[in-house]
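Beneath this line is the structure, given in structure tokens, with notes to follow.
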Amino acid sequence: MSGTASQEALFESLCDEYAGVSGVTVPAGGSGFGSNAIKINKSIFAMLVNDRLVVKLPAARVAELLAARDGVPFDAGKGKPMKEWVGLTVDDATARRLVAEALAFAGRR
């Protein structure tokens, strides 16, 4: 994904796409962690953080994406990467597939 505007536009498009899915909620304003997140049954599965799309996936899948350089570690500002979260560095089509994976993963919990 290239450019801030591109990631913001992709996130807005994802919000529109997932808004009609049963159990999914999209951002409704506010501030703080999770205020710019797409959730399934109150669990975040995708969010826009510092102009980067971040998704929740199984730790092994995150490790694969990091090894392939398709993502960067996500640490929520605490200095320690979160094992089930990754900031995406892929094209929009791949990002959409990974968001779908994240929905399936978070929705199982």
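The values are calculated or read from the model by the stated rules, or taken from the named source; none is laboratory data. Treat the numbers as computed from the prediction; the structure is a model and nothing was measured. Cβ placement follows ideal geometry from the backbone for every residue including glycine, while neighbour counts extend to all protein chains displayed. Just so you know, the surface numbers come from the protein's heavy atoms only, side chains and all, with ligands and any DNA or RNA stripped out. Shrake-Rupley method; radii C 1.70, N 1.55, O 1.52, S 1.80 Å.
Assess whether residue 55 counts as being at pLDDT 95 or above, within 13 Å of the chain's Cα centre (by Cα) and farther than 20 Å from residue 104 by Cα.
Numbers: at pLDDT 95 or above: yes; within 13 Å of the chain's Cα centre (by Cα): yes; farther than 20 Å from residue 104 by Cα: no.
No: the conditions fail for residue 55.
For residue 35, state whether it is modelled with pLDDT under 95, open to solvent by 70 Å² or more (accessible area, probe 1.4 Å) and of a type in the set (Ser, Thr, Tyr).
Taking the combined requirement at face value, the residue does not satisfy it.
Considering only the range 73-109, state which residues are part of a strand (DSSP E or B) and of a type in the set (A, V, I, L, M, F, W, C). Full working, then the answer.
In the first step, residues of the range 73-109 are kept if they are part of a strand (DSSP E or B); the result is 73, 85-88.
Passing the criteria: 85, 86, 88.
Which of the residues that make up the range 73-109 are free of Cβ contacts under 8 Å to residues at least 60 places away in the same chain and of a type in the set (Phe, Trp, Tyr)?
We begin by selecting, within the range 73-109, every residue free of Cβ contacts under 8 Å to residues at least 60 places away in the same chain; these are 73-87, 93-94, 97-98, 100-102, 104, 108.
74, 85, listed by residue number.
Among the residues of the range 59-72, write down those that are surrounded by fewer than 17 Cβ atoms within 10 Å (Cβ to Cβ) and either touching a residue at least 40 places away in the same chain (Cβ under 8 Å) or in a strand (DSSP E or B) (or both).
Matches in the range 59-72: 72 only.
Exactly one of these conditions fails for residue 109: (1) open to solvent by 20 Å² or more (accessible area, probe 1.4 Å); (2) at pLDDT 95 or above. Give me its number.
(2)
Failed condition for residue 75, given (1) acidic (Asp, Glu); (2) modelled with pLDDT under 95; (3) surrounded by 15 or more Cβ atoms within 10 Å (Cβ to Cβ), with all others met?
(3)
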